[in-house]
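Here is the structure we will look at, set down as structure tokens.
The values are calculated or read from the model by the stated rules, or taken from the named source; none is laboratory data. All figures in this text were calculated on a predicted structure; none of them were measured in a lab. Every residue, glycine as well, gets a Cβ built from its backbone with ideal geometry; the counts of neighbours run over all protein chains shown.
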Amino acid sequence: MKFFLDTANLEQIKEAQSLGILDGVTTNPSLMAKEGIKGQENILKHYADICEIVDGDVSAEVLSTTYEEMIKEGEELSKINPQICVKLPCTIDGIKAVKYFSSRGIKTNCTLVFSVGQALLAAKAGATYVSPFVGRLDDISTDGIGLVAQIVDVYNTYGYQTQVLAASIRHTQHIIQCLEVGADVATCPLKAILGLINHPLTDKGLETFIKDAAKMV
Ligand code: G3P
């Protein structure tokens, strides 16, 4: 399973990249706004900066909602760097735009996916990634991981090439659950990834090894 970092924060991206386990980055307008990125020039520069740090795909979301505007915006985003993956909402216009870009060999991420029907349309339009939002489904007492599992199953049955990118991952256990159901990618906050390393027996064992190592010098 690939790890993407779900942030627009350059320091966190650098930190995850330095761990050597980062496969890509996803952003959205809320994450970009949180970093204070404003204006077209700064938006494009920020995506270029992210591409400089990370080796893999970088999802850059369109801000517009009509097909024509999404095409214009997506084309501009895709020119920044071949790593850019145009992120489009799962709406009628968004699906049309996914088809437009996928038929031109431009990578896409179909986002705000909350049902298997939406995931089917994204795959049929040729999306590179589909992003089911796990945490937001959990927030309304619905099984977010269950949706990821359902999409993985349907895509395997029909041989769709679209990769299942589990998004809205909120904690470490979500990552384990994504592994168990066969998600292709999990896009996570850095804290959730770092949580994977924690184990009290590792800490306790290391403490003993350090003490015993001191006896050997
Ligand atoms: O990738 C989408 C993600 O950023 C949404 O996460 O926590 O706002 O539901 P959240």
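Would the range 47-64 turn up any residue that is of a type in the set (S, T, Y), out of contact with any Lys or Arg (no Cβ under 7 Å at 6 or more places or on another chain) and more than 13 Å from N9 (Cα to Cα)? Looking for residues that are of a type in the set (S, T, Y), out of contact with any Lys or Arg (no Cβ under 7 Å at 6 or more places or on another chain) and more than 13 Å from N9 (Cα to Cα), one finds at least one in the range 47-64, hence yes.
Taking the criterion of being modelled with pLDDT of 95 or more, at positive phi, among the hydroxyl-bearing types (S, T, Y) and away from the ligand (no atom under 11 Å from the Cβ), would at least one residue in the range 141-159 satisfy it?
Restricting attention to the range 141-159, the residues satisfying the condition of being modelled with pLDDT of 95 or more are 141-159.
Checking which are at positive phi leaves us with 141, 159.
Now narrow it down to the ones that are among the hydroxyl-bearing types (S, T, Y): 141.
Checking which are away from the ligand (no atom under 11 Å from the Cβ) leaves us with 141.
Yes: the range 141-159 contains one or more residues that are modelled with pLDDT of 95 or more, at positive phi, among the hydroxyl-bearing types (S, T, Y) and away from the ligand (no atom under 11 Å from the Cβ).
Looking only at the range 109-140, residues that are within 12 Å of the ligand (Cβ to nearest atom) and without any contact (Cβ under 8 Å) to a residue 12 or more places away in the chain come to 2 in all.
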